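Below is one structure, written out as structure tokens; comments come after it.
The values are calculated or read from the model by the stated rules, or taken from the named source; none is laboratory data. In this text the structure is predicted, and so the values were computed from the model without any measurement. As a convention, Cβ positions derive from the backbone with ideal geometry for all residues, glycine included, and neighbour counts pool all protein chains shown. Heavy atoms of the whole protein, side chains included, go into the accessibility calculation; ligands, DNA and RNA do not. Shrake-Rupley method; radii C 1.70, N 1.55, O 1.52, S 1.80 Å.
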Amino acid sequence: MRPDLWNQGVARALLEPTVALFERWGTRQAGLFTFPHSTKHVSLYQRFGFWPQHLTPVMAKAIEPKDAGAPGSRYAGLARHERASCLEECRALTDAILPGLDLAVEVEAATDQAIGDTVLVRDGGALGAFAVCHVGAGSEAGSGAAYVKFGAVRPGPDAARHFDRLLSACEGFARSRGAGRLIAGVNAARHSAYRALLERGFRTMLQGVAMQRPNDPGFNRSDCFVLDDWR
């Protein structure tokens, strides 16, 4: 928004039709990322049914050229006839985290727009985790960086192990594309995932607060190993 139009009700005028659109779509859960220190932002979104929950640190780690990382497989490397079944596997994985959660558009966009790729981690033949990664100028990562737009691990007793493998694969992807750092966001409610990033050397570069409508956790839960930041 242009600075000369601040404090004139423009944000409220934009939010009213946006929330109405969510209702027409039958959206069961909506969320956003905003500034935790801004009472004005939090108050504005509360008027529309969004409620502040946990902080979301956006974290980064330097990638050294010598750090190979585990390669994982890549969506872009699949044959055309294999991609449809891969997307179904991704849908099934995210649906197990939150019914209706579907990242197929983001997976395809990263490849089709040449702004990144999707890292796939398998356990035997089954998909255990995946991450949509952007890289470089023209993407959400920015020049010299790789960025995990969204990453998720299949729930279950092996989730922590698969998450560790997924992080290694993302680091390997960043290195293979010449990125000097890897950026990833994680909501602090996903405590085990947050601690795993800290233990691997990620450090917070900025943080926001997640606000949700209605005031339900969605997939911001301690049992979820998910990477994203909703910016």
State all residues of the range 145-173 that are among the basic types (Lys, Arg) and closer than 17 Å to residue 124 by Cβ; if no residue qualifies, say none. 154, 161, 165
Residue list for the range 109-130, filter: free of Cβ contacts under 8 Å to residues at least 24 places away in the same chain and in a helix (DSSP H, G or I): 109, 112
Filter the range 131-150 down to the residues that are in a strand (DSSP E or B), among the hydroxyl-bearing types (Ser, Thr, Tyr) and touching a residue at least 12 places away in the same chain (Cβ under 8 Å) and list them by number. 147
Among the residues of the range 8-30, what is the count of those that are in a loop (DSSP other than H, G, I, E, B) and surrounded by 10 or more Cβ atoms within 10 Å (Cβ to Cβ)? 4
Given the conditions (1) part of a helix (DSSP H, G or I); (2) out of contact with any strand residue (DSSP E or B) (no Cβ under 8 Å at 6 or more places or on another chain); (3) free of Cβ contacts under 8 Å to residues at least 40 places away in the same chain, which single one is not true for residue 168? (3)
Going through the range 197-214 one residue at a time, which ones are under 19 Å from residue 64 (Cα atoms) and open to solvent by 10 Å² or more (accessible area, probe 1.4 Å)? 198, 199, 200, 201, 203, 204, 205
Name every residue in the range 112-152 that is in contact with a strand residue (DSSP E or B) (Cβ under 8 Å, 6 or more places away or on another chain), open to solvent by 30 Å² or more (accessible area, probe 1.4 Å) and under 23 Å from residue 88 (Cβ atoms), in order of residue number. 122, 149
Residue within the range 153-165 that is assigned to a strand (DSSP E or B) and open to solvent by less than 10 Å² (accessible area, probe 1.4 Å) present: yes
